[in-house]
Amino acid sequence: MPKSDTLAAMAAQATRRASRATSPKPVKADPFAPTPEQREHAVYVEQDIVDVKTKGRVTIGKAFRKQPRFETMEGIGTEQMKALRCYRAAFDASEMSETKCALDVRPRGAAGSHGAISAIEARAFGASTLRGIECQLGALVHTLRDVALMDLTFSEAAMKRFGSREVDWIDIGKGKRRPRSIVKLVPKSGAHRQIIRDEFFTGLLLLAEAVGPYLSRAGIRSDRQP
């Protein structure tokens, strides 16, 4: 082989090696991250996991948590947002697993019996607070529960109460995705969605008054994991 051909072959081989070395490695999927299907129905944010110890609050890791829908809702005032967060925190505390609270299912039983007792007390306090708040909401409690606690949209809450109808939608596609027809469920009437919206914002006024006595208490907190 001529010397010029040998040098050309060596240069080509070196180029191939360099390209392999600089090729990006495939991104490893996070097994604990929400799936695309979950992200379609809710907003998830990555937050610190904080453990409360005798020396103070210690960050022990991160986790994805579902963000309440009302956090991104327009038209909610500052005091109303505080009321919603307090209401949601009481609900989350009341929903803590009784088994986990009793057994303290954590690595090496980190919090011991004291932590388990504290968790049980937090659950009982959350349930008591939730009852105290909701007894002042009257008939609007169902709408506030659907939107503030169950994360339903106004339309979803309207369909739950009044029923739904099917509507054909055309997805025009994007890139290599071809246009397609999609059947979606919508409220039977646009007025039904407006009814739920009006009830929710009316209920917020009652909620702000109901949670007032609880806002200064530090016992309402959420330890639920996503």
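The values are calculated or read from the model by the stated rules, or taken from the named source; none is laboratory data. No experiment lies behind these values; they were computed from the predicted model shown. Neighbour counts are summed over all protein chains in view; Cβ atoms, including those assigned to glycine, are modelled from backbone coordinates with ideal geometry. These area figures cover heavy atoms from the full protein model, side chains too; ligands, DNA and RNA do not enter into them. Shrake-Rupley method; radii C 1.70, N 1.55, O 1.52, S 1.80 Å.
General observations
- Inter-site label distance for Arg165 and Lys188 at 7 Å from Cα along Cβ, in nm: 1.0
- Per residue, in Å², the accessible surface of the range 158-198 once ligands and nucleic acids are set aside, probe 1.4 Å: 83
- Taking 13 Å as the cut-off, the amide N atoms of the range 131-170 that come nearer than this to a point 7 Å along the Cα-to-beta-carbon line of Ser181 belong to 167-170.
- Among 169-176, 191-198, 69-76, the peptide with the highest mean count of other Cβ atoms within 10 Å heads the list, and the full ranking is 191-198, 69-76, 169-176.
- Peptides 177-188, 84-95, ordered by how many other C-beta atoms sit within 10 Å of their residues on average, highest first, read 84-95, 177-188.
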